[in-house]
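The values are calculated or read from the model by the stated rules, or taken from the named source; none is laboratory data. Worth saying up front: this structure is predicted, and the values here are computed from it rather than measured. Neighbour counts run over all protein chains shown; Cβ positions are idealised from the backbone, glycine included. Just the protein is used for accessible areas: all its heavy atoms, side chains included, with ligands, DNA and RNA removed. Shrake-Rupley method; radii C 1.70, N 1.55, O 1.52, S 1.80 Å.
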Amino acid sequence: MIFDILTRPAPELSTEERAEVKKVAKQLLDRLKALLVLDWRKRQASRARVEDAIKDLLDTGLPRAYSTDLYKQKCSAVFEHFFENYPAMDANVYSAVV
């Protein structure tokens, strides 16, 4: 899902760039799982740590095909995705699907 957020609807990416984005998406998921503590959405400091982690990883990991504006849009979209779908470290809307 993170990969989709980062690649759709833009930008157009080469095969190598898509591989880079896929790697960043996996790293981001791994990193954020450690930051999603109980009630993280209710605490400003916890939300800020999650948002900073997203910005840092995307800033260093995304290919040059991402403009500054697109980078900001993707950071916001990824944060919104986590805010809406991951209430805690081991809880997410996807684990509820049977």
Using the C-alpha atoms of the chain, what convex hull volume per residue, in cubic angstrom, is computed?
98
Probe 1.4 Å, accessible area per residue of the chain, Å²:
64
Let me check against my output: what whole-number percent is the relative contact order of the chain, with C-alpha pairs under 8 Å and at least 6 apart?
35
Net charge of Cβ neighbours under 13 Å - reference residue 75; Lys, Arg +1; Asp, Glu -1
-3
